Amino acid sequence: MKQDRAFSDSLGAATRLRALAMKELRQMLRDRSTLLLGLLLPVILILLLGYGLSFDVEHAPLAVVDESSSVQGEHLVRALSGNRYLRISRKAGMGEAVEAMRQGAAMGIVRIPSDYARRSESGSAPVQLILNGVDSQTVRTVEAYVSAALSTALQKQADRSTARGAGLEIVQRTWYNEAGQSTWFLVPGIIVIVLTLVGAFLASLLIAREWERGTFESLFVTPVRPFEIVITKTAPYLLIGIVDIAICLFAARYLFDVPIRGSLAAIAGVSFLYLLVSLQMGLMISGLARSQFLASQVALIVSFLPAAMLSGFVFDLRNMPGWLTPICNILPATHFVKIVRELFLVGTRPWDLAASVLILCAYSVLFVSVTTRTVRKRLR
């Protein structure tokens, strides 16, 4: 009797479990957003982590100034050009080369002095190597590539020469991050992550939360305009973001000793602009999604992950595959990372960053326009 009852209970439990499992399966298949995220998110993460996580340095741009106009100097230039990890660009003078490095078009400068040929015959030939130290990790790799290429060229030159072997002396200097501190490179980028979280991720829940609670419909009977909804939704989080900007700047300067070589007002102004862009992106996502879950997942995929992986925050964009580079360059976070790092470490003049600032302004206008149209459509 007891055995029959136990068997009956086990059979009933199995039946209930099967019915519940079938119910959950059908519910999952009906919920397309959950199914899509469950299948799409792993693919996106694999692509981002596989192609974005790379410490390899390839095709590093290098400016070369050959003041000697000699055969020996040409041998050095050819040796650098033959290195597949370097991309050589010859400059007419140091002023042009320094400007290229200031604008980020060159990671370093190799200067061959005018008396290089004479001094190489006497056994001591200095070559100046100036490196852009903003990315301390990449700088060490580029220095090793340049040293290896120059040493190989020197050895070949010595083998062909009947005179005594030339002694190559690389006079190396690092600009913008003389101590090679990695925190100087990372901390300005952390500001991007903080503002992305506060902006896009939190703002993505605002309109979707009201749709779920049923409070958004109350706006239908009011004379409020869609643009006014967007502004009022943004304002409280804008105040929180301003406090976060102040905290980040204080921590960067006084906790991590990151130098501020550019204008502090320019850094604060650009940070405010990116905060506004991030908030408007979050509101746009929230306006398009009626579910908080869906909105948060979409915000994670289109804002936080790209800001962390594809903006240059940690990994040099020049090391990305060719097909991924255009995607990186259209991200708002990429332009903000470039601006804030150069203002912190290089002291770039604000008007040199006008193109990136205009792109952020265009994104702000675009996101506000899309969000306003989305809200207007639903109000109708």
Could you give me the ³J(HN,Hα) list for the stretch 352-368, computed from phi with Karplus coefficients 6.51, -1.76, 1.60 and θ = phi - 60°, whole Hz, x at Gly and Pro?
6, 9, 4, 4, 5, 5, 5, 5, 5, 5, 5, 5, 4, 5, 4, 5, 4
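Using a 1.4 Å probe, what is the accessible area per residue for the chain, in Å²? Numbers along the way, then the final one.
Details: 19580 Å² over 380 residues.
Roughly 52 Å² per residue, with all protein chains present.
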Backbone HN-Hα couplings from phi across the stretch 257-269 [Karplus 6.51/-1.76/1.60, Hz, Gly and Pro as x]
6, 7, x, 10, 8, x, 6, 5, 5, 5, 4, 5, x
Leaving ligands, DNA and RNA out of it, report the carbon-plus-sulfur percent of the accessible area of the chain at a 1.4 Å probe.
62
For the stretch 304-341, which chymotrypsin sites (Phe, Trp or Tyr not before Pro) are both in a DSSP coil and crowded by at most 15 other Cβ atoms within 10 Å?
323
Quick one: which residues, 5 or more positions from residue 87 or on another chain, have an amide H under 5 Å from its amide H? H modelled 1.01 Å from N in the peptide plane, none for Pro or chain starts.
60, 62
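The values are calculated or read from the model by the stated rules, or taken from the named source; none is laboratory data. Please read all numbers here as calculations on a predicted model, not as lab measurements. As a convention, Cβ positions derive from the backbone with ideal geometry for all residues, glycine included, and neighbour counts pool all protein chains shown. Areas reflect the complete protein model, heavy atoms only, side chains present, ligands, DNA and RNA absent. Shrake-Rupley method; radii C 1.70, N 1.55, O 1.52, S 1.80 Å.
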